[in-house]
Amino acid sequence: MQLFRVVRPFLGFVLLLCSLPVFAQGPAPRLGKGITDTARVALSESRTPRVHAAQDLGPVSPDMAVPGITLVFRRSAMQETALEGLLAAQQNPASPLYHRWLTPETFAARFGVADSDILAAESWLVSHRFHIDNVARSRDRITFSGTAAQVQAAFGAELHHYRAEGELHFAPASDLTLPAELASVTTAVLHISDFRPKPNVRAMAGAHPDFTAFPTQAHYLTPNDVRTMYDVKPDNYSYGNGQGLAVVGQSFVDRSSIGTFQTFLTQYTPINPVLVPGSGVEAISPGDQSESEIDLEYSSGIAQSANIFFVFVGANQNYSVMDALSFAITQRIAPVVSISYGICETLLTPSGLDQYNALFEEASAQGQTLVAAAGDSGSTACAPYSSAQGVTPVEQQALSVSFPASSPNVTAVGGTQMAAGTFAAGDSPY
């Protein structure tokens with residue numbers, strides 16, 4: 001009788017798994033007999049809006065190398081319905097699937113692309129003389145490399161140089177086009193532009209963030225202050241003991257900064273650097289390095305017992321912090337992933353938003369918590385951007401949100417400005 005009590009719920013759970021589309025046999029092929037170039041379809045609004053206000057300097061050299069181009073596949077309608085059902089069940093305490101997270105391999109087997117479709121896409125790319133670099137662990141994207149001339153021949157868009165706010169960039173001069181068969185299963189083509197998110201941190205000339213300045217009410221928080229503000233105590237959190245955290249960045253952090261970390265922190269937590277493959281060699285970007293440093297200082301200072309990974313991209317300028325975020329998800333580097341970058345949604349293409357949100361669903365199914373900074377502009381996230389960046393004055397003042405904080409699969413953290421008088425002498429525990 002005792003054995004029956006154990007076996008019956010288990011059998012019920014197995015039957016439930018077998019009845020769900022998500023646990024059916026692998027993905028069905030969608031490309032049929034392959035890919036031809038006889039009919040082409042535009043990938044709507046795939047040209048980045050950031051070129052609209054930029055100065056067009058003309059075509060790049062046809063021989064310009066474009067590394068790490070990535071074709072991102074779209075899930076089928078059946079896969080998306082099944083995934084939505086799984087995500088709901090994983091968050092329902094009454095469901096047998098509650099908190100039963102998928103491994104990257106299981107996710108790929110259920111929500112990736114059929115092997116035959118991968119082979120068909122690779123064959124088409126090779127026919128345009130691209131070099132195949134890799135297929136993502138999630139089996140929903142192919143990364144390949146080539147030249148600007150090959151990009152134009154394959155995707156029907158000429159790459160141009162642009163000048164924006166004194167910086168030189170490259171990007172497609174028109175929307176991309178793809179063979180009709182491939183377009184039907186494609187969400188986006190990444191890494192054919194080098195417009196990247198900007199860091200939020202702004203260093204003030206002459207600023208020395210050591211302690212609170214009572215006369216001016218200027219204040220600088222240490223990790224201990226943050227723990228006090230959010231009531232984080234060793235007895236109810238153990239300062240991150242047993243937890244894994246991936247912090248994503250857009251610049252390598254100079255190893256000499258470690259000495260700065262140790263000076264800044266009361267207890268220094270070792271950090272494991274992870275360079276995103278294919279993104280180039282380790283490189284330091286001054287503004288981005290400061291963003292990474294502050295993220296690492298506070299995360300390691302607050303969660304002192306956590307296992308912290310710093311996932312960053314290298315010198316290839318067509319890779320960004322969003323690729324570090326993608327790698328942290330597809331490799332499931334840690335159960336918690338933190339990003340402090342954000343961008344006005346107006347500057348993102350619909351195809352870009354779609355592929356990022358699909359990626360964040362993958363993180364949810366794998367039990368990963370994504371945490372993003374809400375930004376410093378309140379309810380007008382586009383306010384810091386200028387007309388030269390492609391944001392009109394009306395858009396600058398409109399109610400708007402910062403991405404990825406705005407995604408339904410991301411937890412946004414913000415509203416951390418302290419009330420006036422908080423730091424008055426004798427009136428605060430900070």
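Place a point 7 Å from Cα of Leu221 in the direction of its Cβ. Which residues in the range 359-383 have their backbone N less than 17 Å from it? 371-378, by backbone N distance to the label point.
Spin-label model, Ser174/Val281: points 7 Å from Cα along the beta carbon direction are separated by 3.8 nm.
Can you sort Ser127, Ser340 from fewest to most other Cβ atoms within 10 Å of each residue's own Cβ? Before the final figure, lay out each step's value.
Numbers: Ser127 11, Ser340 23.
Ordered from fewest to most neighbouring Cβ atoms within 10 Å, Ser127, Ser340 come out as Ser127, Ser340.
One decimal place: the segment Met78-Met229 gains 49.8 nm when fully extended, by the rule 0.36 nm per residue minus the C-alpha distance. Here Ala65 and Arg30 are evaluated by their C-beta separation; at R0 = 41 Å the FRET efficiency comes out at 0.85.
Just want the ordering: Val394, Val253, from fewest to most Cβ atoms lying within 10 Å of their own Cβ.
Details: Val394 8, Val253 24.
Ordered by Cβ neighbours within 10 Å, fewest first: Val394, Val253.
Say a paramagnetic label sat at a point 7 Å from the Cα of Glu122, along Cα to Cβ; which residues of the range 60-93 have their backbone N under 20 Å from it? Under cut-off, by backbone N: 67-75.
The DSSP beta bridges internal to the range 223-413 are antiparallel in roughly 10% of cases.
Fewest Cβ neighbours within 10 Å first, please rank Tyr298, Tyr356 accordingly. All intermediate terms of the calculation are to be shown ahead of the outcome.
Details: Tyr298 19, Tyr356 22.
In increasing order of surrounding Cβ atoms, one gets Tyr298, Tyr356.
Once you reduce the range 125-146 and the range 280-339 to the center of their Cα atoms, the two points are 24 Å from each other.
Computing Rg and the Kirkwood Rh from the Cα coordinates of the range 223-413 gives a ratio, Rg/Rh, of 0.97.
Rounded to the nearest 20 Debye, what is the dipole magnitude of the range 223-413 about its Cα centre when Lys and Arg each give +1 and Asp and Glu each give -1 at the C-beta? Mind dumping the intermediate values first?
On the way: 4 positive and 17 negative charges, 61 e Å.
Value, rounded to 20: 300 debye.
Ordering Ile294, Pro335, Val248 by Cα displacement along the dipole of the range 223-413 toward the positive end leaves Pro335 in first place; charges were set at the Cβ atoms of Lys, Arg (+1) and Asp, Glu (-1).
Read-outs: derived from the displayed coordinates by stated rules, not from any lab. Fair warning: this is a prediction, and the values are worked out from it, not measured in the lab. Cβ sites come from the backbone with ideal geometry, for glycine too, and all protein chains shown count toward neighbours.
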